[in-house]
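Working notes, structure below.
The values are calculated or read from the model by the stated rules, or taken from the named source; none is laboratory data. Bear in mind that the values here come from a model prediction, so they are computed numbers and not experimental data. A quick note on method: Cβ atoms are made from the backbone with ideal geometry, for glycine too, and the neighbour counts reach across all protein chains shown.
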């Protein structure tokens, strides 16, 4: 099956960091084509995230012109710092203006929480506490209970170097310290957290939502595809 036969996905990636885009493509089914563009976030500051969406909108226009069947604005923080509901308003404006379906990371993740029955969550990030508080407020305003939103102490540029064993240990500790939850949310696509999803679900008897699997699931849904993938948690295995 030729690339693009099952749909062409335009990807707007916030950083130039390798990893997340490769993971997204790997988890999508054969026959889907991809056109990747980058915003250029480097420092991971709130100001940079605020500025990133203006650049992302120009990328959406370009991808619509290139014939994408859907445009995915990857990276949750740029929309999360604007507050709950901003993402849905943004998507409505972009879709009306550019006549192409648009999905943001935040919309994908919130949809995943709801379909998986997650009401109380524990958030794990690689961001500082000032941003973690903003992220927690985003979900509280969306009607979720946030038992914890904690970040590993690591420079933003080094998030991709965090060993998966360290992510697993940190997530487990925060989850247990918070008294458990319906789900664990691994925020951000800059770290390699795919290997820890299934072990955390199995060991803690909970559900894990991670950025890339959530976007893969939501993108497939919008392209009317159903290609379950084992080994990366309930969301992709069950494709609810």
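Taken over segment 123-138, the criterion of being in contact with a helix residue (DSSP H, G or I) (Cβ under 8 Å, 6 or more places away or on another chain) and surrounded by 14 or more Cβ atoms within 10 Å (Cβ to Cβ) is satisfied by 123, 124, 125, 126, 127, 131, 134, 135, 138. Residue 230 meets the stated requirement of being surrounded by fewer than 18 Cβ atoms within 10 Å (Cβ to Cβ), touching a helix residue (DSSP H, G or I) at 6+ places or on another chain (Cβ under 6 Å) and either part of a helix (DSSP H, G or I) or at pLDDT 95 or above (or both).
Taking residue 59 as meeting all but one of (1) at pLDDT 95 or above; (2) more than 25 Å from residue 136 (Cβ to Cβ); (3) surrounded by fewer than 23 Cβ atoms within 10 Å (Cβ to Cβ), write down the number of the exception. The failed condition is (1).
In the list 52, 108, which residue meets the criterion of being surrounded by 18 or more Cβ atoms within 10 Å (Cβ to Cβ), in contact with a helix residue (DSSP H, G or I) (Cβ under 6 Å, 6 or more places away or on another chain) and at pLDDT 85 or above?
108
Here is the figure for segment 152-177: residues that are assigned to a loop (DSSP other than H, G, I, E, B) and in contact with a strand residue (DSSP E or B) (Cβ under 9 Å, 6 or more places away or on another chain) total 1. Do we find a residue being surrounded by fewer than 24 Cβ atoms within 10 Å (Cβ to Cβ) and at negative phi anywhere in segment 70-78? Yes, because at least one residue in segment 70-78 is surrounded by fewer than 24 Cβ atoms within 10 Å (Cβ to Cβ) and at negative phi.
Within segment 89-96, is there a residue that is in a loop (DSSP other than H, G, I, E, B), over 16 Å from the mean Cα position of the chain (by Cα) and surrounded by 18 or more Cβ atoms within 10 Å (Cβ to Cβ)? So far as segment 89-96 goes, no, none of its residues is in a loop (DSSP other than H, G, I, E, B), over 16 Å from the mean Cα position of the chain (by Cα) and surrounded by 18 or more Cβ atoms within 10 Å (Cβ to Cβ).
Got a sec? Which of 120, 114 is surrounded by fewer than 16 Cβ atoms within 10 Å (Cβ to Cβ), closer than 26 Å to residue 240 by Cα and in contact (Cβ under 8 Å) with a residue 24 or more places away in the chain? Of 120, 114, the one residue that is surrounded by fewer than 16 Cβ atoms within 10 Å (Cβ to Cβ), closer than 26 Å to residue 240 by Cα and in contact (Cβ under 8 Å) with a residue 24 or more places away in the chain is 120. Can we say residue 68 is part of a loop (DSSP other than H, G, I, E, B), closer than 29 Å to residue 240 by Cα, touching a strand residue (DSSP E or B) at 6+ places or on another chain (Cβ under 8 Å) and at pLDDT 90 or above? For residue 68, the condition - part of a loop (DSSP other than H, G, I, E, B), closer than 29 Å to residue 240 by Cα, touching a strand residue (DSSP E or B) at 6+ places or on another chain (Cβ under 8 Å) and at pLDDT 90 or above - is met. A count restricted to segment 178-210 and to residues that are outside any strand (DSSP E or B) and at pLDDT 95 or above stands at 20.
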